[in-house]
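> Below is the structure I would like to discuss, written out as structure tokens.
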Amino acid sequence: MTKFGLKNNGARQSCCYPNLFDANGVFGHTVDHILSKPGLATVKASITGHDAAERTPSGLWPSDHGGVVSRVRLKG
């Protein structure tokens with residue numbers, strides 16, 4: 001979908017843990033986006049910070065929302 005010149009490439013939920021100590025917490029909505037110029041194609045996108053192995057020894061999540069990572073390629 002294109003709206004206001006923006007194209008949705010399938011935004012993923014990346015926010016927010018209501019309780020940083022809840023081991024079963026899940027991201028409930030999308031707040032972060034990666035914007036690029038039209039000459040770029042999205043190759044892969046992912047969210048970081050939702051793996052339970054990343055929690056501190058006391059069980060605290062490192063942040064209340066995840067990082068958004070995207071790999072892009074120049075269209076040729």
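The values are calculated or read from the model by the stated rules, or taken from the named source; none is laboratory data. Keep in mind that what you see is a predicted model, and the values were worked out from it rather than measured. Remember, those area values only see protein heavy atoms, side chains included, never the ligands or the DNA or RNA. Shrake-Rupley method; radii C 1.70, N 1.55, O 1.52, S 1.80 Å.
> In whole Hz, with x marking every Gly and Pro, tabulate ³J(HN,Hα) for region 55-63 from phi via Karplus 6.51 cos²θ - 1.76 cosθ + 1.60, θ = phi - 60°.
Running phi through 6.51 cos²θ - 1.76 cosθ + 1.60 with θ = phi - 60° gives 6, 6, x, 7, x, 7, 5, x, 7 Hz.
> Counting only residues 5 or more places away or on other chains, whose amide H sits under 5 Å from the amide H of Gly67 once H atoms are built in the peptide plane?
Thr48, Gly49
> Per the Kirkwood treatment, what hydrodynamic radius in Å, one decimal, follows for the chain from the mean inverse distance over all distinct Cα pairs? Provide the component values of the computation, followed by the final result.
Numbers: mean 1/r = 0.0717 Å⁻¹.
That comes to 14.0 Å for the chain.
> Using a 1.4 Å probe on the protein chains only, how many percent of the accessible area of the chain belongs to carbon and sulfur? Don't skip to the end; give the middle numbers.
Values: 3230 of 5830 Å².
Ligands and nucleic acids excluded, carbon and sulfur give 55 percent.
> Go through region 31-48 residue by residue and turn each phi into a ³J(HN,Hα) via Karplus (6.51, -1.76, 1.60, θ = phi - 60°); whole Hz please, and just put x for glycine and proline.
Karplus values, whole Hz, x for Gly and Pro: 10, 9, 9, 10, 9, 9, 6, x, x, 10, 10, 6, 8, 7, 9, 8, 10, 10.
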